[in-house]
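For reference, the structure discussed in these notes is given below.
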Amino acid sequence: MSVLHRAEAWDMSESEESDTQMQSNVTIDAKSATENTSLTQSRSTEHERLPSSSVTEGRTSTRPGGPVTASPARKRRSKEEIEADRETARQRKEARERQRAARAQEKEQRRQEQRGRREAADNLKSLRPENYLKSLTVCIDPALLQQDGSDILLDTLATLEWRFDITPQLIPRSVTWSRALLQQGDDKSDSVEEDQVVLVLDMSDFIELVLSVKKLLNSREDGSGEGSVTNPLLEGLNREMRKVVMLLLTESHPDYPRTHPSDEQELYEALNTTLGMENPDIEEVLVYLQVHKNMSMVCLDNWQEVTTHVCAVTKALSKRPFRLLTERAELPFCVEGSWASGVRVDSDGSGLIQVWRNQLQQLNRVSPAVASAVTAAYPSPQLLLQAYGGLAAEADRKGLLAGLLVKSGDNERRVGPEISARIYRYLTAQNPQLVLD
C-alpha cells in the first residue's frame, strides 16, 4: 500500500515538472518574440526617418549584431568640374613656384648686397693712405742716376720700403708714379700711371730747354711752324699733355751761385749773362711752359731737397683718393636746411620767390620770418630796386624796409633799421670787398 503511494507521488512530481518546464519555454518564446517585435519596430522607425533619396539611392550594410547603416553613393563629377579642379591645382602650383622664385631672388639679392658691402669695405680699406702707398711705384728714369747725389733718392726709397723701378720715361730725366691694379681671379696685375711728373734738370739742361722754347716761339711769330724745333724734353712734354709737371732745377750757374733756393732773380741774371736774354723773354718762356705744358718750376740746392720733394709727392698721392672719397661735396658756407641743395624753378617762374627768400636768408640775422615779410612786400629783387630808385634820400632808401611787420607765431615785430640798411647795401653796393655786417 505504501509502495503504491510513493509511485503515485513520483509520477505526480514528473508531470508537474514537465508542466513547469513547458510553461518556462512558453515564457522564453514569448519574450523572444517580444524582443524581435521591438527590434523590427525600431528598424522600421529608423527606416522611415531616413530620406527617400537615401533609401532609394543608398546601399545598406548590415553588421552582425549591430544596426543597419546607409553608405552614401559616389556622385560622378562632370568634365567642367574636373577641369576646374585641375586649373585650381595648376594655379596653386604656379603660386608656390612664384613664391619659391621670389624667395630665391630675395636670397640672391641679399647675397649680392652683402658681396657689394664687402667689396665696398675692401675698396675703402685699400684706399687708406697706408694701404694705397703699397700699390704705388716710383718710376725713375735711368738718366737721373748719372747725376751726382742721385743715390740719396734710391737709398731713401729703400729705407722707407717703397717700391721703385728704374725704367726709361717718355720725358727724359723725370720721375713718375704708377699704381698697381690687381685683377680679380688673376694673380697678374695691371698698372695705371698717376698724373704727377717731377722733372729734374741741372742748369745746362734748363738752358737748352729755354733755347728750344724761345726758338719755337720765334718760329711761330715768323710763321715757319714748329717742325724745325726738335728737343727731347719738348717732344716728351707734347706726349704727356695731361700730366702735371714740376721742374726741379738743382744747379745754378757756376758764375752766379744761389744763396737761397727760392731766389729766382739769380736765375734770371744767369740766363741774361749766358744767353743774353732779357727778363721779358725769360718770362715769356716760363709762361709758355706753365700754360701750354702745365709745368711749374722750383729751384733747389741739392739732391737731398729733390728726395724730400719726391717723398712729399708720393705721400700726397697716397692720401688723395681717400681724401676725395671722404671729404664733403657740399660747400661749407651754404646754409643748412632743406633748400641748401637748390630750389626747383619751372619754366613759368614758379619757385623764383623761394630763391629770392633763400637769397635774403644768407644774410646774417635774417630769419625766415624776416625774409618772408620782405618777399611778401616785394616779390622780386627788381621790384625792391625800383622802390629804392623812387626815393631821393639815401636815408629813406636805407630805412625802406624798417617798418615791415614780421609775424613769428603769436609775436609781431618790425624788420628794423639795421636789417633794412644791410639789405640795401647788399643790393646796391658797387664794392665787392664791402663787409655787409
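With each label point set 7 Å from Cα along the Cα-Cβ vector, what nm distance links ALA120 and ASN302?
About 5.1 nm, to one decimal.
Roughly how many debye, to the nearest 20, is the charge dipole of the range 350-428 about its Cα centre, given +1 on each Lys and Arg Cβ, -1 on each Asp and Glu Cβ, and no other charges? Before the final figure, lay out the partial values.
Details: 9 positive and 5 negative charges, 27 e Å.
That gives the range 350-428 a dipole magnitude of about 140 debye.
What distance in nm lies between label points placed 7 Å from Cα along the C-beta direction at LEU160 and LEU324?
Placing both labels 7 Å beyond Cα along the Cβ direction yields 2.0 nm.
In the range 283-313, whose amide N lies under 20 Å from the spot 7 Å out along Cα-to-Cβ of THR274? List them in ranges.
Only 283-290, 295-306 pass the distance filter.
At 1.4 Å probe size, with no ligands or nucleic acids counted, give the accessible surface of MET297 in Å², nearest ten.
Counting only protein heavy atoms, the figure is 40 Å².
So for each of 359-371, 379-391 I average, over its residues, the number of other beta carbons within 10 Å; can you give me the resulting order with the highest mean first?
Numbers: 359-371: 15.8, 379-391: 13.8.
Highest mean packing first, the order is 359-371, 379-391.
Using R₀ = 60 Å, calculate the FRET efficiency as 1/(1 + (r/R₀)^6) where r is the Cβ-Cβ separation of ALA377 and GLU130; round to 0.05. Don't skip to the answer; put the middle values down first.
On the way: r = 59 Å, r/R0 = 0.99.
For R0 = 60 Å, the calculated efficiency reads 0.50.
Per residue, how much accessible area does the range 350-428 have with a 1.4 Å probe, in Å²?
With the other protein chains kept in place, the range 350-428 gives 53 Å² per residue.
Going by amide H atoms built from the backbone, whose H comes under 5 Å of the H on PHE164, apart from near neighbours?
VAL138
Mind listing the long-range amide H neighbours of GLU193? Cut-off is under 5 Å, sequence gap 5 or more, other chains count too, H placed in the peptide plane at 1.01 Å from N.
Residues meeting the amide H criterion: ARG179.
Please compute the length gained on full extension between ALA387 and ARG76, using 0.36 nm multiplied by the number of residues separating them and subtracting their Cα-Cα distance.
Value of the extension gain: 102.4 nm.
Once you have a ≥ b ≥ c as the square roots of the Cα gyration tensor eigenvalues for the range 350-428, tell me rounded if a/c is under 1.5, and otherwise prolate or oblate according to whether a/b is larger than b/c. Kindly include the intermediate steps, with their values, before the conclusion.
Numbers: a/c = 1.72, a/b = 1.20, b/c = 1.42.
It comes out oblate by the Cα gyration axes.
Provide the FRET efficiency to the nearest 0.05 for the GLN146-GLU283 pair, computing r from the beta carbons and using R0 = 51 Å. Don't jump to the answer; show the numbers that get you there.
Numbers: r = 31 Å, r/R0 = 0.61.
Approximately 0.95, to the nearest 0.05.
Holding the Cα-Cα limit at 19 Å, pick out from LYS125/LYS319; LYS125/LYS315; LYS125/LYS243; LYS214/LYS293; LYS293/LYS319 the pairs that are longer than that.
Table pairs above 19 Å Cα-Cα are LYS125/LYS243; LYS293/LYS319.
How do 347-356, 131-140, 86-95 rank on mean C-beta neighbours within 10 Å, highest first?
131-140, 347-356, 86-95
Quick check: with the 1.4 Å probe, what order do PHE206, PHE164 take by accessible area, largest first?
On the way: PHE206 0, PHE164 80 Å².
Putting PHE206, PHE164 in descending order of accessible area: PHE164, PHE206.
Quick one: work out the % antiparallel among DSSP beta bridges in the range 69-215, nearest 5.
Antiparallel bridges make up about 75 percent of those DSSP assigns within the range 69-215.
The values are calculated or read from the model by the stated rules, or taken from the named source; none is laboratory data. This structure is a prediction, so every number in the text was calculated from the model and none was measured. Note that each Cβ is placed from the backbone with ideal geometry, even for glycine, and that neighbours are counted across all protein chains shown. Accessible surface is based on the protein model in full, side chains and every heavy atom, while ligands, DNA and RNA are left aside. Shrake-Rupley method; radii C 1.70, N 1.55, O 1.52, S 1.80 Å.
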